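For reference, the structure is listed below as structure tokens.
The values are calculated or read from the model by the stated rules, or taken from the named source; none is laboratory data. These numbers were taken from a predicted model, which means no experiment stands behind them. Reconstructed Cβ throughout: ideal geometry from the backbone, glycine too, with neighbour counts over all protein chains shown. Note: accessible area is taken over every heavy atom of the protein model, side chains too, but ligands, DNA and RNA are not part of it. Shrake-Rupley method; radii C 1.70, N 1.55, O 1.52, S 1.80 Å.
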Amino acid sequence: MRWVLHVDLDEFLVAVERLRRPELRGLPVVVGGAGDPARRGVVSTASYEARRFGVHSGMPLRQAKRRCPDAVFLALDPPAYLAASAEVMAVLHDSGAVVEEAGWDEAYLEVDTGDPEGFGASLADAVHERTGLACSVGIGENKLQAKVAAALAKPGGIHRLTSSRWSSVMGPREPETLPGIGPRRGRALRELGIESVSALATADPDDLVRAFGPALGPWLGRLARGEDDAPVVAEPRPPRSHGKETTFPRDREDPEGVEAVLVTLTREATSELPPGGRPVIRVVVKVRFAPFETHTHGRVVSPPTRDPDRIVRAARDALTRFELDRPVRLVGVALEMAAPDPGEEERVEIDGASHSGSGTIVRTCVAYAALTGRAVHLVRMRARRPRPGLRRQHLRAVTAVRELVGGELTGAGLGSRELTFVPGPRRPAGPYRFDIGSAGSVTALATALLPVLTRASAPVEIELRGGLFQDHAPTALHLQHVLLRTLTEMGLDAVATIERPGYVPSGEGVLRLAVGPSEGSLRPLVREEAAPVERIWGIALASHLVERRVATRMAETARAVLAAAGYDADIETREDTTATQAGAALALFADLRGGARLGADMAGARGRPAERIGREVATRLLEDLGRGATVDRFAADQLVPFAAIAAGETRLRVPVVTEHLTTACWLAGAFLPVEARLDDGLLVVEGCGSPGW
């Protein structure tokens with residue numbers, strides 16, 4: 001019989017740290033940020049001992065310290081976690097099952113067996129034997145049931161949850177126990193009187209659609225009934241490494257004997273490389289000391305080679321980095337090979353100095369690469385800018401997309417002008433947290449992630465940190481009320497919540513993005529002619545500026561400009577005290593009959609009077625309306641990637657043809673079999689539908 005298993009590593013980051021530091025076993029351990037609760041940062045993982053004090057993922061480290069003063073705080077070490085994850089995934093791929101990696105600490109497997117518990121137990125044993133890590137295994141008839149079962153099995157257990165038992169097991173529980181329903185959605189469900197999984201399962205579908213939209217509403221009902229038709233997607237991939245290892249029958253204390261075994265293993269591994277294949281670029285040696293402390297060291301092989309003698313020499317060099325003054329339990333070697341070279345027809349070549357020459361090209365290209373599965377090679381990135389190459393905000397967008405889908409990224413660094421991204425097959429499966437580390441635009445980062453999130457088969461929640469209000473990028477208010485609202489019309493349920501404003505120069509704003517799964521391709525938008533304006537409204541936001549009446553002054557000036565044009569605007573003033581510094585922003589919106597919404601906005605800046613902000617934002621909105629636009633000048637280019645993967649032709653009247661818009665049209669055609677063009681002020685995108693994931 002076909003079964004789906006969900007393998008979920010227990011307290012993964014903490015477990016990896018405890019393998020390196022066994023003295024931490026039994027102690028409350030918190031991993032996150034720089035490991036210093038006196039500095040900004042959030043909890044990534046807490047040990048079960050720390051969780052008893054109320055410490056959980058996403059909690060500020062300072063708060064975790066107050067709740068559990070005796071906890072051991074450790075800094076994140078992503079390379080170590082990725083290495084451990086790779087070992088676990090190798091074990092799962094060796095099981096003979098169809099494997100879909102869902103993150104660095106979880107995976108789905110599909111297997112035909114009459115004893116799923118036995119199969120799951122053998123997997124857990126193999127993972128522990130190979131890596132020292134414990135995992136929980138959920139068994140179900142689909143991915144959803146398996147994932148929920150794994151949560152019920154924690155820690156270290158095996159649980160089966162099927163359709164026949166779903167109602168009795170899950171029905172009485174709160175909706176938040178289901179994956180994809182967090183506190184925000186839980187509160188929204190309670191406002192509808194839905195306080196249990198069974199109540200959600202039997203809720204009126206029309207009520208759910210009205211409350212949550214045409215895609216997310218029906219999905220929530222299916223979720224509560226344990227229904228999930230998403231397949232376990234095999235991830236065929238050319239091997240990136242080949243290794244050999246051996247566990248000694250008795251711990252060895254002779255370094256020369258350990259070296260001799262390593263040489264033998266290395267020659268065996270080299271002889272087993274596929275003939276005529278890719279060369280070895282790095283040799284990694286693993287040594288496990290008694291009782292169970294594992295370390296690795298690597299040596300780059302330059303130039304890459306398949307010469308056995310040179311590969312053995314690199315392995316010996318790597319071994320010299322170990323202090324073999326303790327009993328050795330295991331020794332192994334892994335030969336890392338060069339990445340597959342995508343053919344010219346597969347890799348997209350982009351000159352980053354073309355068209356706008358901006359960082360938007362970088363962000364958009366990696367998003368398209370993730371969408372299409374095609375590698376991209378970018379050169380001359382931001383070459384025409386005063387400070388060419390990647391800035392912090394561009395680099396974070398690139399690495400964030402890679403984290404969503406996996407893959408290989410080379411050349412990505414501050415100031416880099418050339419990079420290659422070979423995307424992986426992973427579907428986004430949050431939650432995620434991305435911190436730009438500066439006042440760089442969170443909205444620009446969000447627009448790079450949103451197209452990729454159309455690949456998600458379940459809701460994804462992301463915490464973004466950085467600047468929410470600055471020049472040269474739409475504000476978070478525009479993202480909330482224009483772009484995401486329009487994407488909802490196209491079939492992508494996405495909501496943004498401003499948790500804390502962030503301004504130049506410090507940033508430190510927090511935006512939470514929640515995206516529901518798409519059902520099939522997005523829908524095209526056809527709005528060729530502007531309809532009458534039904535309402536103009538806006539938000540005037542100021543942080544720590546109440547005495548200077550900045551929000552009020554922006555709103556009053558904007559109202560006066562709009563009134564002179566015959567519009568009575570309803571502008572809300574918001575006085576914020578949560579931001580880490582003073583700042584301000586104004587966003588105005590025009591709702592047209594038929595559903596279109598246009599926006600204009602501006603952030604405050606030193607030496608920029610509130611009256612100027614109010615006047616310029618109102619004037620810009622009036623200009624777009626006066627030109628008969630059905631989309632504003634900022635949203636037009638942002639919508640092109642979504643129109644490109646919509647099933648049909650999108651037609652929108654734009655107020656002005658910007659360099660960003662022509663760039664967006666160019667990039668859509670570079671990656672997809674679509675035509676995006678501008679025809680006398682009309683943006684026409686002939687979408688191709690979802691690109692086959």
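Looking only at segment 606-639, filter to residues that are open to solvent by less than 20 Å² (accessible area, probe 1.4 Å) and charged (D, E, K, R); which one of those is nearest to Ala585 (Cα to Cα)? Among those residues, the one meeting the criterion is Asp632. Just a yes or no: is a residue in segment 293-304 within 29 Å of Glu17 (Cβ to Cβ), open to solvent by less than 50 Å² (accessible area, probe 1.4 Å) and modelled with pLDDT of 85 or more? Checking segment 293-304: not a single residue is within 29 Å of Glu17 (Cβ to Cβ), open to solvent by less than 50 Å² (accessible area, probe 1.4 Å) and modelled with pLDDT of 85 or more. Among the candidates Pro60, Pro116, Pro69, the residue that is open to solvent by 30 Å² or more (accessible area, probe 1.4 Å) and either at pLDDT below 90 or in contact with a strand residue (DSSP E or B) (Cβ under 7 Å, 6 or more places away or on another chain) (or both) is uniquely Pro60. With respect to the conditions (1) within 30 Å of Gly332 (Cβ to Cβ); (2) under 26 Å from the mean Cα position of the chain (by Cα), Glu129 lacks only one, and its number is (2).
Of all the criteria given as (1) surrounded by 15 or more Cβ atoms within 10 Å (Cβ to Cβ); (2) farther than 22 Å from Ala83 by Cβ; (3) of a type in the set (D, E, K, R), the one not satisfied by Arg130 is (2).
May I ask you to verify whether Ala496 is open to solvent by 40 Å² or more (accessible area, probe 1.4 Å) and either hydrophobic (A, V, I, L, M, F, W, C) or at pLDDT 95 or above (or both)? So Ala496 does not fit the description; no. Of the residues in segment 40-48, at least one is open to solvent by 50 Å² or more (accessible area, probe 1.4 Å), closer than 29 Å to Lys143 by Cα, touching a helix residue (DSSP H, G or I) at 6+ places or on another chain (Cβ under 9 Å) and in contact (Cβ under 8 Å) with a residue 40 or more places away in the chain. Tallying residues that are modelled with pLDDT of 90 or more and of a type outside the set (Lys, Arg) within segment 228-260 yields 8.
Within segment 463-493, can you find the residues that are of a type in the set (D, E, K, R) and surrounded by fewer than 21 Cβ atoms within 10 Å (Cβ to Cβ)? Selection gives Glu463, Asp471, Arg485, Glu489. Restricting segment 172-186 to residues that are among the basic types (Lys, Arg) and open to solvent by 20 Å² or more (accessible area, probe 1.4 Å) leaves a set whose member that is modelled with the highest pLDDT is Arg173. Among the strands (runs of 3 or more DSSP E) confined to segment 382-462, the ones with at least 1 residues that are open to solvent by less than 10 Å² (accessible area, probe 1.4 Å) and modelled with pLDDT of 90 or more are located at 419-423, 432-435.
If you scan segment 326-347, which residues turn out to be open to solvent by 60 Å² or more (accessible area, probe 1.4 Å) and at pLDDT 90 or above? Once the filter is applied, which keeps residues that are open to solvent by 60 Å² or more (accessible area, probe 1.4 Å) and at pLDDT 90 or above, segment 326-347 yields only Arg326. Looking only at residues in segment 160-201 that are part of a helix (DSSP H, G or I) and of a type in the set (A, V, I, L, M), the one that is nearest to Asp229 (Cα to Cα) is Ala201. Against the test of being among the hydrophobic types (A, V, I, L, M, F, W, C), at pLDDT 90 or above, under 24 Å from Val405 (Cβ atoms) and open to solvent by less than 80 Å² (accessible area, probe 1.4 Å), the options Leu223, Leu189 yield a single qualifying residue, Leu223. Kindly check whether there is at least one residue in segment 556-571 that is of a type in the set (Gly, Ala, Ser), farther than 22 Å from Ala476 by Cα and surrounded by 18 or more Cβ atoms within 10 Å (Cβ to Cβ). Within segment 556-571, not a single residue is of a type in the set (Gly, Ala, Ser), farther than 22 Å from Ala476 by Cα and surrounded by 18 or more Cβ atoms within 10 Å (Cβ to Cβ). Is segment 670-691 home to any residue that is modelled with pLDDT under 95 and part of a helix (DSSP H, G or I)? Yes, the conditions are met somewhere in segment 670-691.
For segment 499-509, the set of residues classified as closer than 26 Å to Ile181 by Cβ and open to solvent by less than 10 Å² (accessible area, probe 1.4 Å) consists of Gly509 only. Restricting the first member to segment 255-276 and to residues that are under 14 Å from Ala315 (Cβ atoms), and the second to residues that are among the charged types (D, E, K, R) and open to solvent by 20 Å² or more (accessible area, probe 1.4 Å), the beta-carbon pairs closer than 6 Å and six or more apart or on different chains are Val258/Arg252; Leu265/Lys244; Glu268/Lys244; Ala269/Lys244. If you go through segment 510-546 and pick out every residue that is within 30 Å of the chain's Cα centre (by Cα), open to solvent by 10 Å² or more (accessible area, probe 1.4 Å) and under 22 Å from Glu616 (Cβ atoms), you end up with 1. Residues in segment 640-654 that are assigned to a loop (DSSP other than H, G, I, E, B) and crowded, with 24+ Cβ neighbours inside 10 Å: Ile645 only. Out of the residues in segment 19-39 meeting the condition of being charged (D, E, K, R) and either touching a residue at least 12 places away in the same chain (Cβ under 8 Å) or surrounded by 24 or more Cβ atoms within 10 Å (Cβ to Cβ) (or both), tell me which one is farthest from Gly140 (Cα to Cα). By that ranking, first place goes to Arg39.
Test Leu592 against the criterion of being open to solvent by less than 50 Å² (accessible area, probe 1.4 Å), modelled with pLDDT of 95 or more, of a type outside the set (Ser, Thr, Tyr) and over 30 Å from Gly217 (Cβ atoms), and give yes or no. So Leu592 does not fit the description; no.
If you go through segment 655-669 and keep only what is part of a helix (DSSP H, G or I), of a type outside the set (A, V, I, L, M, F, W, C), over 17 Å from Gly689 (Cα atoms) and open to solvent by 20 Å² or more (accessible area, probe 1.4 Å), you end up with Glu659, His660, Thr662. Scan segment 383-436 for residues that are closer than 23 Å to Leu450 by Cβ, in contact (Cβ under 8 Å) with a residue 60 or more places away in the chain and in contact with a Lys or Arg (Cβ under 7 Å, 6 or more places away or on another chain) and jot them down. Across segment 383-436, the qualifying residues are Gly406, Arg427, Ile436. Taking segment 54-159 and the strands (runs of 3 or more DSSP E) fully enclosed by it, the elements with 2 or more residues that are in contact (Cβ under 8 Å) with a residue 24 or more places away in the chain and β-branched (Val, Ile, Thr) are at 98-103, 135-140. Scanning segment 469-492 for residues that are in contact with a Ser or Thr (Cβ under 8 Å, 6 or more places away or on another chain) and over 17 Å from Ala444 (Cα atoms) turns up Gly491, Leu492.
Scanning segment 22-63 for residues that are within 21 Å of Ala80 (Cβ to Cβ), over 25 Å from the mean Cα position of the chain (by Cα) and aliphatic (A, V, I, L, M) yields a count of 4.
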